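K.L.:
Shown below is the structure under consideration.
Readers should treat all values here as calculations from the given coordinates under stated rules, not as data from a laboratory. Just so it is clear, the structure is predicted and the values come from calculations on it, not from any experiment. Glycine gets a Cβ as well: all are built from the backbone with ideal geometry, and neighbour counts include every protein chain shown.
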Ligand code: A3P
Ligand code: MG
Ligand code: MG
């Protein structure tokens with residue numbers, strides 16, 4: 001058993017086998033060999049339209065239109081009059097992924113499972129964004145998290161719960177912060193097209209309800225994972241490699257004027273960018289660097305496979321192996337803890353910086369997240 005599990009004191013008994021109570025997040029414990037991470041395979045995709053309606057297809061996929069090196073994009077344009085913002089007080093939990101699973105069930109069943117029960121041949125189902133938070137946990141000093149886990153027909157479903165602190169931040173955003181959150185989407189509008197032949201339309205409306213999501217399957221150590229993540233755009237070359245290798249992640253960041261700022265980009269931002277794109281196998285991030293007035297003055301491409309080399313020059317920097325080993329050990333911890341197979345039971349895992357991961361159990365509570373329509377269709 002890994003020594004980063006903490007157990008309650010007292011001898012274990014046969015009736016009451018030791019169950020780990022907490023998981024350490026100390027970096028040193030995870031400086032081991034890089035765990036097995038199978039090349040992620042895209043097993044499907046889905047789209048959410050301007051009204052956040054689900055479609056089991058790629059209608060919202062956009063194409064990357066390479067900008068000039070010094071494009072002078074004005075990211076503030078349209079904030080007041082051409083912006084439809086998704087209502088982020090609506091908690092969608094895993095609903096879109098569950099809809100995708102029901103529409104694509106046959107793809108997920110092994111020969112044995114098709115013959116017997118109808119269980120999915122998966123250990124974990126979740127959002128890529130939840131896994132990104134797990135990967136960055138050993139280095140996170142500001143934001144904690146809450147992850148609800150339910151075991152249903154052998155599969156563990158992981159769905160995030162907003163922390164009190166995150167809720168307060170969401171309710172108290174400054175006008176400047178609200179506007180800066182728009183900048184990232186505006187950059188996408190300048191660098192994406194709806195069709196292979198068309199040009200970007202900076203005069204259009206930015207609607208953050210719209211999304212294209214890839215669904216990938218992979219394995220981390222002995223955990224079979226299925227997760228979905230939003231994808232910004234793809235290479236427009238029809239000869240580009242198959243998904244997810246043709247996908248491009250877009251980011252904006254403050255312009256870099258000093259070596260200290262470059263170092264901070266490597267030490268803090270590249271960790272988040274790497275984790276988000278490495279998980280689904282997206283090979284490159286295109287970053288737009290903007291000034292304080294929201295004008296993009298420089299564009300740079302980062303290849304995910306080269307980021308680990310870039311950061312080796314930084315003193316006391318993050319390590320990909322720590323991220324992946326922590327995630328793998330967290331998933332093992334969850335498998336050991338979440339034993340009751342019941343769609344109404346939630347094991348709530350919680351973490352705050354400088355603390356261990358702990359959990360509590362909740363029956364038929366506000367935390368239950370598997371909808372009846374899903375439970376009934378899987379059971380029938
Ligand atoms: P930037 O990342 O360029 O700032 P993503 O890059 O993941 O596709 O997200 C697109 C944009 O959504 C981001 O652009 C940012 O503006 C906004 N965004 C993403 N995650 C966010 C978060 N946790 N809080 C606030 N805004 C977020
Ligand atoms: Mg995106
Ligand atoms: Mg992006």
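K.L.:
Order of 360, 350 from fewest to most other C-beta atoms within 10 Å?
P.N.:
Going from least to most buried by this count: 360, 350.
K.L.:
Follow-up. Taking Cα centroids, how far is region 229-268 from region 291-339 in Å?
P.N.:
13 Å
K.L.:
Right, next: Kindly identify region 172-264 as rounded, prolate or oblate by the Cα gyration tensor criterion: order the square roots of the eigenvalues as a ≥ b ≥ c, call it rounded if a/c is under 1.5, otherwise compare a/b with b/c, prolate if a/b is larger, else oblate.
P.N.:
oblate
K.L.:
Then there's this: Could you line up 297, 307, 84 from fewest to most neighbouring Cβ atoms inside 10 Å?
P.N.:
Least crowded to most crowded, the residues run 84, 297, 307.
K.L.:
How long are the semi-axes of the equivalent ellipsoid of region 236-365, defined as square roots of 5 times the Cα gyration tensor eigenvalues? Whole Å, largest first.
P.N.:
So the equivalent ellipsoid measures 35, 20, 16 Å along its semi-axes.
K.L.:
Pairing the Cα long axis of helix 320-337 with the longest principal axis of the chain, what angle in degrees results, from 0 to 90 and rounded to the nearest 10?
P.N.:
The helix 320-337 is inclined about 40 degrees to the chain.
K.L.:
If each of residue 339 and residue 172 carries a label point 7 Å out from its Cα toward its Cβ, how far apart are those two points in nm?
P.N.:
With each label placed 7 Å out from Cα toward Cβ, I get 4.2 nm.
K.L.:
Let me ask you something else. Which of 343, 259, 353 ends up with the largest GNM mean-square fluctuation for the chain, with Cα atoms connected below 10 Å?
P.N.:
Answer for the Gaussian network model of the chain: 259.
K.L.:
Hey, another quick one. Helix 175-191 versus the longest principal axis of the chain: what angle, 0 to 90°, nearest 10, using Cα atoms?
P.N.:
So the helix axis and the longest Cα principal axis differ by about 70 degrees.
K.L.:
Only bridges whose two residues both fall in the chain count here: according to DSSP, what percent of them are antiparallel, nearest 5?
P.N.:
75 percent
K.L.:
Here's a follow-up. Please figure out what share of the DSSP beta bridges in region 245-380 is antiparallel and state it in percent, rounded to the nearest 5.
P.N.:
DSSP beta bridges in region 245-380 are roughly 65 percent antiparallel.
K.L.:
Here's a follow-up. Connecting C-alpha atoms closer than 10 Å in a GNM of the chain, tell me which of 228, 159, 332 has the biggest fluctuation.
P.N.:
The residue with the greatest mean-square fluctuation here is 332.
K.L.:
Now, a different point. With a Förster radius of 25 Å, plug the Cβ-Cβ distance of residue 196 and residue 56 into 1/(1 + (r/R0)^6) and report the FRET value to the nearest 0.05.
P.N.:
Efficiency, rounded to the nearest 0.05: 0.70.
K.L.:
What value, in deg cm²/dmol to 500, does the helix sum -39500 (n - 2.57) over DSSP H runs of n ≥ 4 give at 222 nm once divided by the residues of the chain?
P.N.:
-7500 deg cm²/dmol
K.L.:
Pick out which of 189, 21, 366 has the largest mean-square fluctuation in a Gaussian network model of the chain, springs linking Cα atoms closer than 10 Å.
P.N.:
Highest fluctuation among the options: 366.
K.L.:
Which of rounded, prolate, oblate describes region 102-214, given a ≥ b ≥ c as roots of the alpha-carbon gyration tensor eigenvalues and a/c under 1.5 marking rounded, otherwise prolate only if a/b is larger than b/c?
P.N.:
It comes out oblate by the Cα gyration axes.
K.L.:
OK, next. Thinking of the chain as a set of Cα atoms, what percent of all their pairs are more than 30 Å apart?
P.N.:
When all Cα pairs of the chain are counted, 43 percent exceed 30 Å.
K.L.:
Report the FRET efficiency, 1/(1 + (r/R0)^6), for residue 68 and residue 358, where r is their Cβ-Cβ distance and R0 is 51 Å, rounded to 0.05.
P.N.:
E(calc), rounded to 0.05, equals 0.50.
K.L.:
Give me the distance in nm between label points sitting 7 Å out from Cα along the Cα-to-Cβ direction at residue 219 and residue 309, one decimal.
P.N.:
3.0 nm
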